[in-house]
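Engineer: My structure is below; once you've seen it, I'll send some questions.
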Amino acid sequence: MPFPARVTGWSLSPDGGVNLTLAEEDAAVWDWDPAVDERATGESPSVVLPNPGVIAAPATITVTAPTTPAFGGLAVSWAAVPSAHLAGYEVEFLP
């Protein structure tokens, strides 16, 4: 989209063209409307970031074991916890 600009620098490009450095000159870019662009400092919303050390426990954990008397494994499933701070799970069990 074309916009009003001033050439502030130029150089020749290796392919034979000209590289231009432009600065926008449209006055509307710098317009300031206090009714829209200003607000009192008390109106800023507070930012609440999640605590990376507190992650919810998985819910609906289901353990399934084979019905035969001797078995060497278990099937474990759960609903994953949505967290950007969680890289994976470690499953441990004791006989």
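The values are calculated or read from the model by the stated rules, or taken from the named source; none is laboratory data. Small disclaimer: the values here were computed from a predicted structure and weren't measured. Every residue, glycine as well, gets a Cβ built from its backbone with ideal geometry; the counts of neighbours run over all protein chains shown. Ligands, DNA and RNA are excluded from the accessible area calculation, which covers all protein heavy atoms including side chains. Shrake-Rupley method; radii C 1.70, N 1.55, O 1.52, S 1.80 Å.
Engineer: Specify the residue with the greatest mean-square fluctuation among 54, 36, 18, computed from a Gaussian network of the chain linking alpha-carbon atoms under 10 Å apart.
Structural biologist: So, out of 54, 36, 18, the one fluctuating most is 18.
Engineer: Order 3, 93, most accessible first, counting only protein heavy atoms with a 1.4 angstrom probe. All intermediate terms of the calculation are to be shown ahead of the outcome.
Structural biologist: Details: 3 105, 93 135 Å².
From most accessible down to least: 93, 3.
Engineer: OK, next. Roll a 1.4 Å probe over the protein heavy atoms and report the accessible area of residue 49 in Å², nearest 10.
Structural biologist: Using a 1.4 Å probe on the heavy atoms, I get roughly 140 Å².
Engineer: At a 1.4 Å probe, what is the % contribution of carbon and sulfur to the accessible area of the chain? Don't jump to the answer; show the numbers that get you there.
Structural biologist: On the way: 5250 of 8640 Å².
Using a 1.4 Å probe with all protein chains present, the chain comes out at 61 percent carbon and sulfur.
Engineer: For residue 90 and residue 55, calculate 0.36 nm times their separation in residues minus their Cα-Cα distance, and state this gained length in nm to one decimal.
Structural biologist: Gain in length upon complete extension: 11.2 nm.
Engineer: Turning to a different aspect of this structure: Which listed residue (65, 81, 91) has the Cα farthest towards the positive end of the charge dipole for the chain, taking +1 on Lys and Arg C-beta and -1 on Asp and Glu C-beta about the Cα centre?
Structural biologist: Of the candidates, 65 comes out farthest on the positive side.
Engineer: Using only protein heavy atoms and a 1.4 Å probe, report how much of residue 25 is accessible, in Å² to the nearest 10.
Structural biologist: Roughly 100 Å² of residue 25 is accessible to a 1.4 Å probe.
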